[in-house]
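First up is the structure itself, then whatever we jot down about it.
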């Protein structure tokens, strides 16, 4: 038997839609594999997938969700994002999400405004409205249900947030690194303690 | 896809500046990957005429020139080029200019005592060629004083965009211009197709015998061409976008492809014999393509052939023998439509990419064969001369019209932007969509939509947009052109009621173990899912090996988490870490599939040296067992019922390891000190303890105890009492067997039994050991009497006796 290591977490979309009834709201982190290896690409890394299927879900809901997520993740309120039309076979319309950064002392710092000096855009997420054919193939009526999906690299986002430049350190197990980036046992986001900025 | 600004403006009438064009391209989904302004690095290099040239008084190989750079004021320059002479028109770098090839800043300086005010440049110095034998010689009528970049056509910025796989139409400059026009950046100029005179029917018989792979094959001949150089403007554009200029005929076919997304091929008619046919290749048929590379074909591939055999891998690569050369005088032009999938499969099978393949497999415009051939022939006749025949058409391209039913409310309903039907019509029409607008009474009312002015349209997408086949595609076109910036963020409605658990029981278990491990001071690491073969073998062997591993080090899917953690521990030891406590949550890959597992490795000092505790203490098997039991408890395993047994695996020390089992067959964890051979294999020093917890082997809890619900309970008011028992037992008896026997002697009364001492030696017979057990008794209804205590003691002693244990006197 030949097996394939999954190259992205988008497969979880279909598995969920065929096994659950709408409304569907999932977030699915997972380990993925690609034949890549350098400072910013490792053969094993992590993605996180989001999917919402319900009645009346549109691109505006996607934009809000990603804006809110990115603000929480980067713990900053001054996040600027740009949606750029793109193409993925399983979404229509599709959009890539660029996040604004400012170059400070040669390092990319997330945030800033488009007319600031050193401002630039960086692609962080792929997203779109789930293709009606995908919805239909999962046994749902695309006239009744629609929704959005998005996916991004967990390690890539962490590199951006903390200004790390070598992805390989993630999988090295260096105690000094783990101690620096690790959290305390119960240091988890809560509604009372805050989930970001 | 690269193009220049002036090329774009051939198709797009616009007043927009470069930055507006760039921003708009990205905004509408034609992401700009780069803009190259080739004139920037030629700043300060202007066309100049050498007025006088005289020998340098101090150096044989140098001359002193006076040059005119347009202002009529002679400027003195020292020059070493052998071809420098009065009257020559070349390129002069003024003081302050930076030489592109070496970054040198030109200065006014004395060279061997003679002042020099700049430099006359060679092609190589300006990165315009390899020639460095002398300075550039321009035609004598070249405009003196003009910036060289402008003269050489290098002031035309090159824009590089990323064309998405669903947009074949933007593989041609005209398609890009159309998108920009629709985005409001100007108007698309009409495409002029000049009528060319013809000299009668095409003399070559053209056929398609493979209507599946090549539904349409159009052609015509042109007799009497001269295949010299393409016109300079065309060569300049081709060079700018990275296409090497070859000959007029080849350049023109390339230009039409890049300009209009219409690939074509020109055959040297002298090399063809008999009818020219699109047919399936014979199995094993060989073909020598351009550049002399031979390919072996299969019957699943389409070729263009004549009586002599196959010439052309259809739609992918031309043949070596029938291509045009400088001696070509008569040509046959091929403009065909090839099946997208056939092209993709053929290209993949032959591992052959080409600009033509890229376009045919994405889908060229099936309605643009006639006009494409007309454009191509007109350019050839204009620049190579010759007389064209009439067109001959074999087969028909697939032109069945597609209709998409679209409700104008969908722009808001799916796209999240409210766009008036009028605006939507204008966007779609400028993109080439046919939108018949029915008056509201005549159309089907869109009953389910809340928008009153919704209309239902039956839209015909243009022939060049194979990607559009549903209403969501129409939404995308509208939203793309209005701009995704116009989409307003709308909070996702919160679902009603109490939040249900979204994590699966396995995910919740994983979280509990992870948090417990962190709370116990373990550092969570992530190591590779793949191991070197040798490490996998040390852990029982890997069932799955990668077909395309990145390296031998990352080849076999791990059968255990410990190998990766031991490697990490060794790296930490090499970095002088004194106490290493690592945990990993991940999957093992066995023949029967993936298994969620927790691995723990403890290496180095358990406690450092100290005045209170003395020497540093190493980790041992009991530490590993304690971690295993604690994490199993966090995972919800019934730790009270576990048995300690052997067979932890060859990587563990045989006498200092064990498994924790629920019944004899269900192994929930293995633990122990590692085998010295394992330590050696991983270059670890000192004792190392480890455990692995097989999370998916733990039976799942059922009923309310899985949540926050608990049965009612009031702790007994009576005091618990403890009693100690010392048993002489055979050496081989595991203490946990004794403890379980003791505990089950009276399940109502005994709430705990704990081993607190172990003694072998003087006073204890050989092969025996003394185990001291503390038993906790919890009365519930009334206090225990002496008689009660005697009774329970007897039960305990009896239970122990069954295992060969005797109460020590």
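Here are some notes:
- Selected residue [within 14 Å of another protein chain (Cβ to nearest Cβ), over 30 Å from residue B:742 (Cβ atoms), free of Cβ contacts under 8 Å to residues at least 24 places away in the same chain and part of a strand (DSSP E or B)] from B:584, B:594: B:594
- Among the residues here, residue B:800 qualifies as closer than 21 Å to residue B:734 by Cα, crowded, with 18+ Cβ neighbours inside 10 Å and in contact with a strand residue (DSSP E or B) (Cβ under 6 Å, 6 or more places away or on another chain).
- Extreme residue, nearest to the other protein chains (Cβ to nearest Cβ), among residues of segment B:152-197 that are part of a helix (DSSP H, G or I) and in contact with a strand residue (DSSP E or B) (Cβ under 6 Å, 6 or more places away or on another chain): B:180
- Filtered residues of segment B:676-710 (kept if assigned to a loop (DSSP other than H, G, I, E, B) and over 25 Å from residue B:510 (Cα atoms)): B:682, B:683, B:684, B:685, B:686, B:687
- Helices (runs of 4 or more DSSP H) lying entirely in segment A:129-197 (those with 2 or more residues that are away from every other protein chain (no Cβ under 11 Å)): A:154-162
- The number of residues in segment B:609-634 being touching a strand residue (DSSP E or B) at 6+ places or on another chain (Cβ under 7 Å) and part of a loop (DSSP other than H, G, I, E, B) comes to 4.
- Residues that are within 8 Å of chain A (Cβ to nearest Cβ), within 24 Å of residue A:181 (Cα to Cα) and not in a helix (DSSP H, G or I), drawn from segment B:531-576: B:575
- Residues satisfying the stated conditions in segment B:638-657, i.e. outside any loop (DSSP other than H, G, I, E, B) and either surrounded by fewer than 23 Cβ atoms within 10 Å (Cβ to Cβ) or not assigned by TED's automatic domain parsing to the domain that holds residue B:693 (or both): B:639, B:640, B:641, B:643, B:644, B:645, B:653, B:654, B:655, B:656
- The single residue among A:92, A:49 that is in a strand (DSSP E or B), surrounded by 20 or more Cβ atoms within 10 Å (Cβ to Cβ) and within 7 Å of chain B (Cβ to nearest Cβ) turns out to be A:92.
- Search result, residues across segment B:471-487 that are in a helix (DSSP H, G or I) and more than 8 Å from every other protein chain (Cβ to nearest Cβ): B:474, B:477, B:478, B:481, B:482, B:486
- Any hit, segment B:494-509, residues being buried (at least 17 other Cβ atoms within 10 Å of the Cβ) and in contact with a helix residue (DSSP H, G or I) (Cβ under 8 Å, 6 or more places away or on another chain): yes
- Evaluation of residue B:301 against (1) touching a helix residue (DSSP H, G or I) at 6+ places or on another chain (Cβ under 8 Å); (2) closer than 19 Å to residue B:252 by Cβ (one fails), failing number: (2)
- You will find that of B:513, B:490, B:468, the residue that is more than 8 Å from chain A (Cβ to nearest Cβ) and either out of contact with any strand residue (DSSP E or B) (no Cβ under 8 Å at 6 or more places or on another chain) or in a loop (DSSP other than H, G, I, E, B) (or both) is B:468 and no other.
- Strands (runs of 3 or more DSSP E) within segment B:59-108 that include 1 or more residues under 19 Å from residue B:149 (Cα atoms) and assigned by TED's automatic domain parsing to the domain that holds residue B:120: B:63-68, B:89-94
- Test for residue A:99: is it in contact with a helix residue (DSSP H, G or I) (Cβ under 9 Å, 6 or more places away or on another chain), facing chain B (nearest Cβ under 9 Å) and in a strand (DSSP E or B): no
- Test: residue B:547 is closer than 24 Å to residue A:32 by Cα, without any contact (Cβ under 8 Å) to a residue 60 or more places away in the chain and surrounded by 15 or more Cβ atoms within 10 Å (Cβ to Cβ): no
- The residue list B:775, B:764 contains one member that is modelled with pLDDT of 95 or more, more than 24 Å from residue B:663 (Cβ to Cβ) and assigned by TED's automatic domain parsing to the domain that holds residue B:720, which is B:775.
- Number of residues in segment B:651-685 that are more than 16 Å from residue B:566 (Cβ to Cβ) and out of contact with any strand residue (DSSP E or B) (no Cβ under 8 Å at 6 or more places or on another chain): the value is 4.
This table checks each residue for (1) touching a strand residue (DSSP E or B) at 6+ places or on another chain (Cβ under 6 Å); (2) without any contact (Cβ under 8 Å) to a residue 12 or more places away in the chain; (3) within 25 Å of residue B:528 (Cβ to Cβ).
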| site | (1), (2), (3) |
| --- | --- |
| A:109 | yes, no, no |
| A:151 | yes, no, yes |
| A:156 | no, no, yes |
| A:169 | no, yes, yes |
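- Residue match in segment B:513-527 (condition: over 21 Å from residue B:682 (Cβ atoms), loosely packed, with under 14 Cβ neighbours inside 10 Å and in contact (Cβ under 8 Å) with a residue 60 or more places away in the chain): yes
- A residue that is over 30 Å from residue B:179 (Cα atoms) and buried (at least 21 other Cβ atoms within 10 Å of the Cβ) cannot be found anywhere in segment A:115-129.
Okay, residues lined up against (1) out of contact with any helix residue (DSSP H, G or I) (no Cβ under 7 Å at 6 or more places or on another chain); (2) more than 28 Å from residue B:716 (Cα to Cα); (3) outside any helix (DSSP H, G or I):
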site	(1), (2), (3)
B:770	yes, yes, yes
B:775	no, no, yes
B:779	yes, no, yes
B:796	no, no, no
B:809	yes, yes, yes
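One line per residue, one yes/no per condition, for (1) outside the structural domain of residue B:379 (by TED's automatic domain parsing); (2) part of a helix (DSSP H, G or I); (3) closer than 17 Å to residue B:311 by Cα:
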residue	(1), (2), (3)
B:213	no, no, yes
B:219	no, no, yes
B:225	no, no, no
B:234	no, yes, no
B:239	no, yes, no
B:246	no, no, no
B:256	no, yes, no
B:259	no, yes, no
B:278	no, no, yes
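- Filter result for residue B:673 (in contact with a helix residue (DSSP H, G or I) (Cβ under 8 Å, 6 or more places away or on another chain) and part of a helix (DSSP H, G or I)): no
- Residue in segment A:53-74 that is assigned to a strand (DSSP E or B) and either within 14 Å of chain B (Cβ to nearest Cβ) or under 24 Å from residue A:130 (Cα atoms) (or both) present: yes
- Taking the listed residues B:787, B:714, B:745, the one that is more than 27 Å from residue B:627 (Cα to Cα) and touching a helix residue (DSSP H, G or I) at 6+ places or on another chain (Cβ under 6 Å) is B:745, with no other qualifying.
The values are calculated or read from the model by the stated rules, or taken from the named source; none is laboratory data. Please read these numbers as outputs of a predicted model, since none were measured by experiment. Please note: Cβ atoms are built from the backbone with ideal geometry, for glycine as well, and neighbour counts cover all protein chains shown.
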